[in-house]
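Read the structure below first, then the notes.
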Amino acid sequence: MYRYKKIMVVLNLDDHDENLIQNAGILSKMAKSEEIHFVYVSDTFDIPEEIKKIYPQIASPVEVAVEERMKQSVEQHFKGHENSKLIFQPLEGPLLGLLISYTKKQDIDLLIVGHQAGDSAASKALSEKLARKAFCSVMIVPKGARALIEKILVPVDFSDHSLNALDVGSAFAKAAGLDHIYILNTYRVPAGHHKTGKSYEEFTNIMLENAKSKLSASLAKVDLKSIGIKPFFIKSNDVVKGIQQFSENMDTDLVVVGARGRSGDIAAILLGSITEGLIRKLDRPLLAVKKKGEGLNILEAITSE
């Protein structure tokens, strides 16, 4: 958990903040975080002059009231590392651009953001864009998700990015006092398997044994920090659905995936679509792990949709 010294939490000033603040508290304890930045973004804090005349009691700076409300919520729900410095920052302007630029300016290691699982397209779109464009790792917390880390799932495709996720997942497990993590690989039988002269069943077994061999080779490259693993392999043509169903069946508390930078190659784009698909479908926290600086460049991140 060495890498999450600076955590940023995007508050909404609604009842979802409790989930976000509680999760931030858990992670700050695990990482012994130095700073927790609680951020709220508004289009504008300006009050029209005609409203000020009618209601002079609200003529004081709105930012002050917003910051006070943030502090009250954090005081009520934050049970984190006692030495973490708590920073409260109301921001005014375009939401996505400000969040991206803040993570860069403040050298944030982990961004925590929430969304309404299953029904809010706007909030999920924001989560997807942040996971894609942020310069740091992003944790997406659906509304109602429990603030608990006892079962961790790491889906792997044997890429370097999924090995990075394994490194983080095992670090989380160690910090949480767990003795194992779940590892999941989804594989499929190629459409042209019949050209090899093998039956569908025979080729299914070939693909399974190949996945097991790749996992063994991959694990040799990762420091699991003495954390045990429980590997699973499932055959599925829909990777997102396979991970979602497995996570629900095992009742995991956190899913950790390796997110690539926007390098432009096909594999990176495909992994991005899987991560974004999980953001849309999962009803539990998802951590998209990045090496810091792997987001878009700052100008593109702010101006692109």
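When His115, His81 are arranged by Cβ crowding within 10 Å, least crowded first, meaning fewest neighbours, the order is His81, His115. What the pair-distance distribution of the stretch 201-260 shows, using all Cα-Cα distances binned every 5 Å from zero, is 4, 12, 19, 25, 24, 13, 3, 0 percent. Computed over the alpha-carbon atoms, the stretch 141-226 gives an Rg to Rh ratio of 1.11, Rh here being the Kirkwood radius from the mean inverse distance.
Restricting the stretch 126-167 to trypsin sites (Lys or Arg not before Pro) that sit in a DSSP loop and have at most 15 other Cβ atoms within 10 Å of their own Cβ leaves Arg146.
Listed here are the pairs Lys32/Lys225; Lys32/Lys174; Lys221/Lys290; Lys104/Lys129; Lys32/Lys133; which of them are more than 22 Å apart at the Cα?
Beyond 22 Å between Cα atoms: Lys32/Lys133.
In this structure the amide hydrogen of Ser137, modeled in the peptide plane, comes within under 5 Å of the amide hydrogens of Leu111, Lys290, none closer than 5 places in sequence on its chain.
Here, each number is a calculation from the coordinates, and none is a lab measurement. Because the structure is predicted, anything quoted here is derived from the model rather than measured. Every residue, glycine among them, receives a Cβ derived from its backbone with ideal geometry; neighbour counts consider all protein chains shown.
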